[in-house]
Amino acid sequence: MSTPRGQFSSKTGFIMAAAGSAVGLGNIWGFPTQTASNGGAAFVLVYLILAFALAYPALMAELTLGRHSRANTIDSLAAVAHRASTKFFGRAVGWYGLIVASLILSFYTVVAGWMLAYLFAPICQMLGMAELQQWLTSQSLARDLIFGGLFAGLTMAIIAGGVEAGIERWSSRLMPALIILLMLLIIYVLMQEGANEGLKLYLLPDLSQVTNPQLIVNAMGQAFFSLSLGVGTMMIYGSYLSKDDSLPRLGAIVTTVDVGIAFTAGLLIIPAMFVAQHHGATIYAEGGSLLAGPDLIFQVLPVLFDSMGAAGPFVALAFFGLMTIASLTSSISMLEVPVARAVERSELPRPTLTFIIGGIIFAISAVIIANFGQLFGLVVDFTTKYSQPILGIMLCIFAGWVMHRDRLLRELKEGHEDIEQTLFWKIWPIYVRFFCPALILLSFWQSL
Ligand code: PHE
């Protein structure tokens, strides 16, 4: 190891960073739109159950594995294995996760770049620079490359600073800002005409949908993506955690914050769509389903901002600021996965390694931008639909089968002396061994 390992300076620092990783476009964009297109509150209900019954145990597997080994994901998984074959398997899973984390970052950068361009647009509008504003809000290769590059640069600048001065400091600054922006926007939107209709759709369940297999699969995928599971981000953050903190408690806080912000974001996005409809925007696609893709963010919502008169550019600024912040606290956690491995294996300084790896990943983003139609959906499906559940199963197997029960107990006891008396310890070890892999597999099967 060339430099001493970083560590979060406090519990709150970890919570900000891990919740920052979890809360991203998946919460603010993905969750509300999935809810709207999967039977409204029925989806919220299933999602809540799955987040705590399936994603939380899987999150605990990652945090425990990471803190136990105190290493990057590849070495971490190899370290808990005893036999040569399982060590090899551990390394393979670690590499698979590292590649998937990098690929998620590559497409995430493209989308976050759009958010950044739309963040600058209202500023141009206020300054009367109509032409620039027009360019910022029209799709072009140059715009996507410049703003994707800018976002990648921000991500690298934070990660180059390391765990405490980079990840923790920036997550602790950005997460409170995110919550304030979200609250202000909700208050504003709920006061507009049309908002109630959106609230009704969002909050009243269509209970006939609860047992729909497609809804369950979608809710599981959403929960895994939203809690940043499978790809090693939570393992890495766990590896920077002090032995004085209780893992089950921290994991529960992070899950609750993630679910809470996703739910709260729905109170903004869905009513906002109906307010926009009130001002003439089309919010349903041809088949009758509510718009969910880029059209929602870049066409429906701008109708709303335009209808607000002088307040419009400020509300747009707050909204795209919110999206950019949410993206940034997530993208740094993805970049940390390959960077942590490089830092622990190479003599080169962390900033150099960060810019090399970040540069390579941005090169992949550039290829995606240049071949958007062919590549974007492919990369999203490969990473989030197939790889994240497969990796989730693998990590549960590592925590449940490969890591011995007494080691598991010893690790969980650190920071939680009486863990043996808790309900958590009575249920979780068995749960992560049998139920989690089986349930993930079952849902995965359904989706094929
Ligand atoms: N959880 C993030 C979101 O909701 C995405 C993410 C996935 C982050 C995987 C890290 C790793 O947007």
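The values are calculated or read from the model by the stated rules, or taken from the named source; none is laboratory data. No experiment lies behind these values; they were computed from the predicted model shown. Note that we place each Cβ from the backbone using ideal geometry, even for glycine, and neighbour counts take in every protein chain shown.
Structure summary
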quantity	calculated
Test: residue in the range 106-121 that is free of Cβ contacts under 8 Å to residues at least 12 places away in the same chain and in a helix (DSSP H, G or I)	no
Odd one out for Gly260 among (1) within 28 Å of Ile440 (Cβ to Cβ); (2) in contact with a helix residue (DSSP H, G or I) (Cβ under 7 Å, 6 or more places away or on another chain); (3) in a helix (DSSP H, G or I)	(2)
Residues of the range 391-420 satisfying the condition of being surrounded by fewer than 17 Cβ atoms within 10 Å (Cβ to Cβ) and either in contact (Cβ under 8 Å) with a residue 60 or more places away in the chain or of a type in the set (Gly, Ala, Ser) (or both)	Arg407
Residues within the range 306-334 that are surrounded by 22 or more Cβ atoms within 10 Å (Cβ to Cβ) and farther than 17 Å from Val23 by Cβ, tallied	1
Among (1) in contact with a strand residue (DSSP E or B) (Cβ under 9 Å, 6 or more places away or on another chain); (2) without any contact (Cβ under 8 Å) to a residue 24 or more places away in the chain - the single one Ala285 does not satisfy	(1)
So Leu229, is it under 18 Å from the mean Cα position of the chain (by Cα), in a helix (DSSP H, G or I) and buried (at least 18 other Cβ atoms within 10 Å of the Cβ)	no
Selected residue (only one of Ser246, Ser239 is touching a residue at least 40 places away in the same chain (Cβ under 8 Å) and crowded, with 24+ Cβ neighbours inside 10 Å)	Ser239
Count of the range 213-260 residues which are among the small types (Gly, Ala, Ser), within 16 Å of the ligand (Cβ to nearest atom) and within 24 Å of Asn72 (Cβ to Cβ)	7
Evaluation of Leu204 against (1) over 21 Å from the mean Cα position of the chain (by Cα); (2) free of Cβ contacts under 8 Å to residues at least 24 places away in the same chain (one fails), failing number	(2)
Helices (runs of 4 or more DSSP H) enclosed by the range 1-87 - at least 3 residues per element that are more than 16 Å from the ligand (Cβ to nearest atom)	11-22, 41-50, 56-69, 73-80
Hey, Trp428 over 24 Å from Ala78 (Cα atoms), among the hydrophobic types (A, V, I, L, M, F, W, C), part of a helix (DSSP H, G or I) and under 27 Å from the mean Cα position of the chain (by Cα) or not	no
The range 369-389: number of residues that are among the hydroxyl-bearing types (Ser, Thr, Tyr), under 15 Å from Tyr108 (Cβ atoms) and out of contact with any helix residue (DSSP H, G or I) (no Cβ under 7 Å at 6 or more places or on another chain)	0
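Here's the yes/no breakdown for (1) of a type in the set (Phe, Trp, Tyr); (2) at pLDDT below 95:
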site	(1), (2)
Leu207	no, yes
Val231	no, no
Tyr240	yes, no
Glu286	no, yes
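Let's see how each residue does on (1) within 15 Å of the ligand (Cβ to nearest atom); (2) of a type in the set (Val, Ile, Thr); (3) under 25 Å from Arg173 (Cα atoms):
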| residue | (1), (2), (3) |
| --- | --- |
| Ala318 | no, no, yes |
| Ser327 | yes, no, yes |
| Ser331 | yes, no, yes |
| Thr384 | yes, yes, no |
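Okay, residues lined up against (1) polar (S, T, N, Q); (2) touching a Ser or Thr at 6+ places or on another chain (Cβ under 8 Å); (3) under 22 Å from Leu103 (Cα atoms):
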site: Ala276; (1), (2), (3): no, yes, no
site: Asp295; (1), (2), (3): no, no, no
site: Ala316; (1), (2), (3): no, no, no
site: Phe319; (1), (2), (3): no, no, no
site: Ile325; (1), (2), (3): no, no, yes
site: Ala342; (1), (2), (3): no, no, yes
site: Ser365; (1), (2), (3): yes, yes, yes
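Listed here are the residues, each with its yes/no results for (1) at pLDDT below 95; (2) within 23 Å of Val217 (Cα to Cα); (3) of a type in the set (Lys, Arg).
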site: Ile369; (1), (2), (3): no, no, no
site: Tyr386; (1), (2), (3): yes, yes, no
site: Pro389; (1), (2), (3): yes, yes, no
site: Asp406; (1), (2), (3): yes, no, no
site: Trp428; (1), (2), (3): no, yes, no
site: Phe435; (1), (2), (3): yes, yes, no
site: Leu441; (1), (2), (3): yes, yes, no
site: Leu448; (1), (2), (3): yes, yes, no
